[in-house]
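Right, one structure below, let's go through it.
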Amino acid sequence: MPRWGWKFGPKHCCYYIAESVPREQVEAKLKETLSKASKGHSWTNPWGVKHTEIVVENEVVGTIWEDVDLSSLSLGAYWVGPWGIKAELVKDGRVVGMMWLKP
């Protein structure tokens, strides 16, 4: 069980690996979550990048930066933190968003 990250300072700061989670398990959780997800509010940041919320049961769980079909997304890199799993959302080999998955 690897542990790394910033050891000094507030406990709520920084990402770290809390435990190892098999990729197959994360892919299944992502697929399950995306099957219940819908697109929420959209906005454009000061640099011109459009953000669209990913919403599951009235809770924002992620964001996408391109107008893509949520069911077409796959898992990129991911890491486990104290509040769940942070996953990259990939479409055609490009990262198009990020999403939090509950453990």
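Worth a mention:
- For segment 65-89, a residue qualifies if it is open to solvent by 60 Å² or more (accessible area, probe 1.4 Å), in contact (Cβ under 8 Å) with a residue 12 or more places away in the chain and charged (D, E, K, R), and the qualifying residues are GLU66, ASP67.
Residues are listed down the side, and each one gets a yes or a no for (1) out of contact with any strand residue (DSSP E or B) (no Cβ under 8 Å at 6 or more places or on another chain); (2) within 13 Å of MET98 (Cβ to Cβ); (3) of a type outside the set (S, T, N, Q); (4) part of a strand (DSSP E or B):
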| residue | (1), (2), (3), (4) |
| --- | --- |
| LYS39 | no, no, yes, yes |
| GLY48 | yes, no, yes, no |
| GLU66 | no, yes, yes, no |
| ALA77 | no, yes, yes, yes |
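- Count of residues meeting criterion [closer than 17 Å to VAL90 by Cβ and small (Gly, Ala, Ser)] in segment 36-56: 1
- Number of positions in segment 22-42 that are in contact with a Lys or Arg (Cβ under 9 Å, 6 or more places away or on another chain) and modelled with pLDDT under 95: 0
- The condition of being under 15 Å from the mean Cα position of the chain (by Cα), assigned to a loop (DSSP other than H, G, I, E, B) and not basic (Lys, Arg) holds for PRO103.
The values are calculated or read from the model by the stated rules, or taken from the named source; none is laboratory data. This structure is a prediction, so every number in the text was calculated from the model and none was measured. For neighbour counting, all protein chains shown are included, and Cβ atoms are generated from backbone atoms with ideal geometry for every residue, glycine included. Areas reflect the complete protein model, heavy atoms only, side chains present, ligands, DNA and RNA absent. Shrake-Rupley method; radii C 1.70, N 1.55, O 1.52, S 1.80 Å.
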